[in-house]
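Participant: To start, I am sharing the structure in question, which I have written as structure tokens.
Just so it is clear, none of the values below were taken in a lab; they were calculated from the coordinates. None of these values were measured; they are calculated from a predicted model. Neighbour counts are summed over all protein chains in view; Cβ atoms, including those assigned to glycine, are modelled from backbone coordinates with ideal geometry.
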Amino acid sequence: MTLAVVLGGLGSLGMTPLDAPSPLAPPAPVDARAMGIGRYVADAIGVDLDGAQRSWRSGRGERLTVIALTSVTCPLCRKFGPSLARIESAFSDRGVKFVHVNVSGLDSTEVMRKQVADLGFKGLYLNDRDGAVAAALGARTTTEVFVVDAGNTLVYRGPVSDQYGVDFTLDAPRQRLLESALEASIAGKAPGIAALASPGCAIEPKQVSSTSAVATSPAVTYARDIARIIQNNCVECHRAGGVGPFALDSFEAVSRRASMIRAVTQEGTMPPWFAAPMHGADGATKPSPWSNDRSLSSAEKQAIVAWIDAGKPEGDRAELPAPRAFVDSAWRIGTPDAIYQLPEPIAIKADGFMAYQTVVVPTNLTTDRWVKAVQIVPTDPSVVHHVLVFALDAAAAKDPRTRRRLGADESGGYWAAYVPGNDHYVLDDGFARRLQAGSSLLFQIHYTPNGKATSDQMRLGVVFTDKAPKHVVRTAAISNVRISIPPGADHHREAGQVRIPANAKVLAFMPHMHVRGKAYRYELESANGGGRQMLLDIPAYDFNWQLRYELSEPLAVERGATLHGTAWYDNSAGNPANPDPTKTVRWGPQTVDEMMLGYIEYYLEDEDPMRPGDLEPGSTPRRGLGAGGARGAMFERLAKQFDANDDGTITKDEVPENLHPQFDRLDRNDDGELTKGDFGA
């Protein structure tokens, strides 16, 4: 057994029996890394229908190879057969080839020939009677299909579709899983769902003979193992032209930084990912729900250590993965339809601290537009810590009080955001954000001097769509502006909540605190109570990485449910980033202050985009910048926090002194009280 197998399947793609889903389980996403996604697929030999020994690679395609397991006697294989033949025909001219592997061990050559003739399979057909191909794949059921790229890396593993299961049959598939994976891979993207349970007949593990399996190296190598780990988790930033300070896209580059890579991966500093694993009611670890999860598994961390301890062997260069393709242009969203740039460069000093910079840029739009892609591009990304962009309607953009409030508040929800390694978004078809006619973009920028005086004049590019979307994407925030963190407290807790006014689907989360932020947690309480469901747990928050946690599948949240946010802070001298452990810390816009924000990206299920409702948490109306009904919703939120005697009026003495400037800006008639009338309701 190879060391790679011992370390969790780096040389083979199988799961342990305890981890593997039941062969009877319906199609459902499973842990992609545990299922071998992103790993090297070893060669193996079967026997073709003429009795000759053939490697599965002899039937490979130029771009992608589909290894489709089959059996003449398995009922589900028979059901999926016509779909496989149709998909093979549809993709045959696009650089995709199929290799059909019969894993029964009992089917005769005669019945296999008849299967090929009846279904019209065109690709190589192998009888895996010795189990070599199934062993190389770590295959579990007779219906699994494996999509392998030109560099022998596994990119998809699962069923053809969700049309058939052990105990169900649908008239048509709801998800064409294999086709979606092929389309994404051809486009140079990772499949949205890369690994699923594939119901079928269980494959009995077999002893592989020495003549049927292609020999593999007993050691972890760079070419076969480490290059894939680095490529899947690091080169997004660490490449030529990336935001990382150095490239990790070659054997020499990785081997010369191996000791540092070992240190930061073992400590969890890199790759930057802070979400704790999710667990079920039985305590078992659940598959990661995050589509952008770049964390390393224990097996991957062990492989890095084993590789270094073995002397960093390069291995066979023929086993290197196909290089990832990156867009050479600064615009990863494609050519923007409009570019909004800061009117003047902002000077960044060489060292020390810089206050947040706020700049308003008009869009000059004469009609409302739908936006499907946004990217923020600094001219000097080395000094940009993070950026939040707010969309102001025409009235708000002209109101200096509103501009100041938004620059200090942030609690209404951003329109776009930038952090290193996450500078853009491209929404799926049917989704868009609204940008109103006459609107302006307010940039709130956090610069971090890095030892050399420079300047930055960042741009924001947008791609419009003329087609009205099915769903409007917005961002709301769980916030608590009354936070008060005592001096010296090393584990101080603050909490906030948002009640959901309409059925919604949550797309992503992004917590935001400053340098005393220690941990953050999102939980969901249903409208009927019954306890809280953990959605996202970040036990070790890091201000240096304002990460967005993107769900693989939207999370349904029913009307009347409550989203809870809980934050913990370290205001002690033991926090090396703490600017003053003797200070009581309250809400404020600068790094020396604190915030308690849990951003939520979402859409309303039943909303007509052409007739937006008033209850829009996190949208412009909620901030008092649009429809009166939503301005009233903002007042209700503030009243819940500050109206101590529940008389429907917020007086200045009910508000903490540090928030009196905000109170004065909202008190439009200067009578010392806030009512719905001050919010235009």
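Participant: Could you sort 313-325, 556-568, 591-603 so that the peptide with the highest average Cβ count within 10 Å comes first and the rest follow in order?
Facilitator: Ranking, from highest mean packing down: 591-603, 556-568, 313-325.
Participant: Something else now. Based solely on C-alpha atoms, express the radius of gyration and the Dmax of the chain in angstrom.
Facilitator: For the chain, the Cα radius of gyration and maximum Cα-Cα distance read 27.8, 93 Å.
Participant: If you restrict to DSSP beta bridges whose two residues both lie in the range 3-186, what percentage is antiparallel, to the nearest 5?
Facilitator: Restricted to the range 3-186, the bridges split so that about 60 percent are antiparallel.
Participant: Pairing rule first: another cysteine's C-beta must sit under 4.7 Å. Under that rule, which cysteines of the chain stay single?
Facilitator: Cys234, Cys237
Participant: Another question, if that's okay. Using 1/(1 + (r/R0)^6) with R0 = 25 angstrom and r between the beta carbons of Ala240 and Asp93, what's the FRET efficiency to the nearest 0.05?
Facilitator: Rounded to the nearest 0.05, the efficiency is 0.15.
Participant: If you don't mind, another one. For the chain, find the longest principal axis of its Cα atoms and tell me its angle to the long axis of helix 75-91, 0 to 90°, nearest 10.
Facilitator: Once rounded, one gets 80 degrees.
Participant: Hey, fewest Cβ within 10 Å first, where do Val383, Val66 land in order?
Facilitator: Val383, Val66
Participant: Counting DSSP beta bridges in the chain, what percent are antiparallel, to the nearest 5?
Facilitator: 90 percent
Participant: Quick check for me: using +1 on Lys/Arg Cβ and -1 on Asp/Glu Cβ, what's the dipole size of the range 423-527 about its Cα centre, in debye to the nearest 20?
Facilitator: For the range 423-527, the charge dipole is close to 160 debye.
Participant: Oh, and also: I need the Kirkwood Rh of the range 338-467: take the reciprocal of the average 1/r across all distinct C-alpha pairs and report it in angstrom.
Facilitator: So the Kirkwood estimate lands at 15.3 Å.
Participant: With only Lys, Arg, Asp and Glu charged, each at its Cβ (+1 for the first two, -1 for the last two), find how big the charge dipole of the range 474-608 is about the Cα centre; round to the nearest 20 debye.
Facilitator: 440 debye
Participant: Tell me, what is the percent relative contact order of the chain, built from C-alpha pairs under 8 Å that lie six or more residues apart?
Facilitator: 11 percent
Participant: Using only Cα atoms and rounding to the nearest 10 degrees, what angle (0 to 90) does helix 628-642 make with the longest principal axis of the chain?
Facilitator: It works out to around 80 degrees.
Participant: Would you work out the charge dipole size for the range 238-357 about its Cα centre, treating the Cβ of every Lys and Arg as +1 and the Cβ of every Asp and Glu as -1, and quote it to the nearest 20 debye?
Facilitator: With only Lys, Arg, Asp and Glu charged at Cβ, the dipole is about 140 debye.
Participant: Here is a follow-up. Given a cut-off of under 8 Å on Cα pairs at least six residues apart, what relative contact order in percent is computed for the range 338-467?
Facilitator: Here the relative contact order equals 54 percent.
Participant: What's the Cα-based Rg to Rh of the range 222-319, Rh via Kirkwood?
Facilitator: Across the range 222-319, the Cα-based Rg/Rh ratio is 1.00.
Participant: Still on this structure: Find which of Gly352, His491, Ala577 sits farthest along the positive direction of the dipole of the chain, computed with +1 on the beta-carbon of Lys and Arg, -1 on that of Asp and Glu, about the Cα centre.
Facilitator: Looking along the dipole axis, the top candidate is Gly352.
Participant: Applying 1/(1 + (r/R0)^6) with R0 = 25 Å to the Cβ-Cβ distance of Ala437 and Trp331, what FRET efficiency is obtained, to the nearest 0.05?
Facilitator: The formula returns an efficiency of 0.55 here.
Participant: Moving on. Dipole of the chain (Lys/Arg Cβ +1, Asp/Glu Cβ -1, origin at the Cα centre): which of Ala132, Phe663, Ala202 lies farthest to the positive side?
Facilitator: Checking the options against the dipole of the chain, the answer is Ala132.
Participant: Continuing with the same structure: Work out how far the C-alpha atoms of the range 3-186 reach from end to end along every principal axis, then list the three figures in whole Å, largest first.
Facilitator: Taking max minus min along each principal axis of the Cα atoms, the range 3-186 gives 42, 40, 33 Å.
Participant: Another question, if that's okay. At what distance in angstrom do the alpha carbon centres of the range 565-587 and the range 478-534 lie from each other?
Facilitator: What the calculation gives is 17 Å, centre to centre.
Participant: Compute the separation of the alpha-carbon centres of the range 435-470 and the range 87-131 and state it in Å as a whole number.
Facilitator: 52 Å
Participant: Still on this model: Out of every Cα-Cα pair in the range 449-593, what percent are more than 18 Å apart?
Facilitator: Roughly 65 percent, once rounded to a whole number.
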